[in-house]
Amino acid sequence: MSLVTLDYETAYCPASGYTLSKMTTEEYVRDPRFEVIMVGLKIDDGPKVWVPKPKVERILKRIDWDDTLLLCHHTQFDGFILSEHYGIFPKFYLDTMSMARVKGNLKASLAYLLEKYETPTQKGHEVVNAAGKRFADFTPHELARYGSYCVDDVQGTWELFQELKRDFPMNELKSIDQTVRMFTRPLMVIDPEPLKQHLVFLRERRTEVLNTIPGDTEESKLKKLRSNPQFAKLLQENGVEHPPTKLNAKGKVTWAFAKTDPGLLHLLDNGTPEVQALVEARLGTKSSIEKTRCENFLGMSTRGPMPVYLSSSGALTTHRYAGGATEKDSGSQKQNLQNLNKFIKGTFTPHPLRMSLTAPPGYVMAVADSAQIEARLAVWFAGQDNVVEAFAQGRDVYSEQASVIYGRTVDRKNNPDDKIPGFVGKTCVLGCGYGTGFVKMAGTFLQGALGGDPLQFDEAFADSLGISVHAFRGNKWKSERALEDPPATITLDEWFTQCAVSDYVVDVFRANNAQLVGMWGTCGRALDCIYEGIEMSFGVDNLVSVIPHVGLQLPEGVIIYYRDLEKDEEGYTYLGKKDGRVQRVRIYSSKCFENIIQCLAGMVIRRQMLAIGKRYPVVFQVHDEIPTLVPEREAQSGMDYILQAMQTAPPWAKGLPLAAEGSFGRCYGEAK
């Protein structure tokens, strides 16, 4: 099989906005202005050559692509050009950008990587001189200089591949190929009707909520919503005595009005109708993500099937997929299917974005979910055998945990009165495994999580479980922790009750999962070993090993990198990526355990995707969920095959009790 290293140079114009920094890859490649200037090629370890536009198609057609591996840096871009404009589909896709992420590189641009790996060829800058030019605008001399730049990129990519491929995990190569195919061979069709209807709804809703804001003009109303001090005043005028606050990075008190701030979200769910309208208006004016995404999907529906962009090892520490491009030079993809709302807010109506993602004629969308995969992996890896057995026997672990908390038998599936206890058990199992403390758990219950309604505990409930709120308040350390960031939406007495009950719930979980809790300490010792340069193996069957001064070795050659691990008076930090930038990241024992479990979960899911992909095309992936296209005539047998694949543990995970559930339908919203 031949290896073809390839790099396209295409026309772009920053002055008119026709550039990857302003457009998605899909928009750019499908735009009427798209034009290939040249392509650079290198076959195996042969000479590097560049081919001008008039000869590109003829040269490319000479290659036997059915017996060819395609290698690029950001293969979604070059591979999409091949399929979209030349109808070419290689046997296998390789991508040095994705490979670099798997290797734990904090940056993945070609220039950075060529310099880091000290390859003989380095990145040039000739592309800057091509801005605004079409092929016809280049003189022969300019074209030759541009061609030299192009083939240097090809040679650099080939040299980088030689460095990255050493000891590279084979399954990760296969996963990269699969994710590139999701983009370069799009199959999913976008139905525009649900999107059009939802855009009308969003516009009407925006007008409705703006009408609740005092002001003479729309602009004056928007100003009050966008300004933190003015928005705080609006809340106070509507009965919120203490609008939510938080400490910023410098330790100063600031307003907690971001879309992810718990206090604001609590007001959205639990405030008076007037307060809820204010918060909804604030979120709607500060961020128009939903409207923009609908418009992007609608635009894409006119251009062709939907290419799905997933970044391999987009989450650098855990190697989980990210839903969009993570490098500036690869563009923003404006889709991120990993965070689509399941329902329209406040209803059980499937969200139009989900309903718009449909199977092509003759196919159904089959969607399966790896049930509780992180919870299962956590107890299996830690040797919490009683819970492993419960999962293996198909028992309801959430109800069993709730039974311990409530001191009676809880059956959330068969007893309607046990809905809330079951929710408490579920939140506990899924939330406490990574060291969550009582303050965070109290806020989680108060906000509502995991599909449950907000839950506020009162003193009568605390008394029913034998919890002394008075004793809790008398504990100096716990009282101080509770007072660090109390929500503004309930009284201080109510908050102490909430914290006291949550403290009890956390304590019960930890007492009932001693081996799991003990594994946090083991992970803390592993961090010590990484820092001190000592070898160590731990976990079930010594599955994970310390690589001194580097990180943790997991199965299949996957590594969790803790680069430049440093120790201070508060613990450890490593050089990582957070909030989109390289910075020092705090790491501690239970967080290390979380990294391991999430990394293992990602490995399991990627294996499942590869197994499913042998028979049916996987069109995208959402956390623990795998949407697949299955021929309509074999919908049920296809669903059975998918579920079987998702209940098969990897060879390194003997005794891991996996489970899966799923359904199929015309579109994503119907299937899940």
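At-a-glance table
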| quantity | calculated |
| --- | --- |
| Cα-based helix-to-principal-axis angle, 492-512 vs the chain, degrees rounded to 10 | 70 degrees |
| Relative contact order [Cα under 8 Å, 6+ residues apart], the chain, whole percent | 15 percent |
| The stretch 131-268, accessible area per residue, ligands and nucleic acids excluded (1.4 Å, Å²) | 52 Å² |
| Centre separation in Å (Cα based) which lies between the stretch 70-132 and the stretch 561-591 | 29 Å |
| Order by protection proxy (mean Cβ within 10 Å, highest first), peptides 151-163, 460-472 | 151-163, 460-472 |
| Stretch gain in nm, segment K578-F343, where the contour uses 0.36 nm per residue and the Cα spacing is subtracted | 81.7 nm |
| Solvent exposure of the stretch 513-672 as accessible area per residue, Å², 1.4 Å probe | 43 Å² |
| Rounded FRET efficiency, nearest 0.05, which uses the C-beta distance separating L199 from A131 and R0 of 41 Å | 0.75 |
| Neighbourhood charge, 9 Å Cβ-Cβ cut-off, centred on D418 and excluding it, Lys, Arg +1 and Asp, Glu -1 | +1 |
| Under 10 Å, Cβ to Cβ, from P651 - net charge with Lys/Arg +1 and Asp/Glu -1 | +1 |
| 0 to 90° range, to nearest 10: angle between helix 192-210 axis and the chain longest Cα axis | 50 degrees |
| Distance between modelled label sites at L222 and D44, nm, 7 Å Cα→Cβ extension | 6.1 nm |
| Whole-percent carbon and sulfur share, accessible surface of the chain, 1.4 Å | 51 percent |
| Point-to-point label distance, D564-D417, nm (Cα→Cβ direction, 7 Å offset) | 6.0 nm |
| Lys, Arg +1 and Asp, Glu -1 on Cβ, resulting dipole of the stretch 532-601 about Cα centre, debye, nearest 20 | 340 debye |
| Cys residues of the chain counted as unpaired, since no other Cys beta-carbon is under 4.7 Å | C13, C72, C150, C294, C428, C432, C499, C529, C599, C667 |
| Degrees, to the nearest 10: 140-164 long Cα axis against longest axis of the chain | 50 degrees |
| Modelled FRET efficiency - R0 45 Å, V550 with S479, Cβ distances, 0.05 increments | 0.60 |
| At R0 = 41 Å, FRET efficiency that the Cβ-Cβ distance of R395 and D528 yields, to 0.05 | 0.65 |
| Over the stretch 19-71, volume per residue of the alpha carbon convex hull, in Å³ | 124 Å³ |
| Dimensionless Rg over Rh [the stretch 562-650; C-alpha; Kirkwood] | 1.19 |
| Unit charges on C-beta of K, R, D, E only; dipole of the chain, Debye | 1140 debye |
| Viscosity 1.567 mPa s, temperature 4 °C, Stokes-Einstein D of the stretch 142-285 from Kirkwood C-alpha radius, µm²/s | 63 µm²/s |
| Under the Debye formula (equal points on every Cα, no solvent term), log10 I(q)/I(0) of the chain at q = 0.05, 0.12 Å⁻¹ | -0.27, -1.52 |
| Label-point separation, W652 to N542 (7 Å along Cα→Cβ), nm | 1.5 nm |
| Local electrostatic count, D369, Cβ distance below 10 Å [Lys/Arg +1, Asp/Glu -1] | -2 |
| Extension gain (nm, one decimal) between A514 and D463, 0.36 nm per residue minus Cα-Cα | 15.7 nm |
| Percent of Cα-Cα distances greater than 19 Å, calculated over the stretch 606-672 | 28 percent |
| Where only alpha carbons of the stretch 47-94 are counted, the Rg and the Dmax (Å) | 10.6, 27 |
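The values are calculated or read from the model by the stated rules, or taken from the named source; none is laboratory data. If you're wondering where the values come from, they're calculated on a predicted model, not measured in any experiment. Quick reminder, even Gly has a Cβ in these numbers, built from the backbone with ideal geometry, and neighbours come from all protein chains shown. Ligands, DNA and RNA are excluded from the accessible area calculation, which covers all protein heavy atoms including side chains. Shrake-Rupley method; radii C 1.70, N 1.55, O 1.52, S 1.80 Å.
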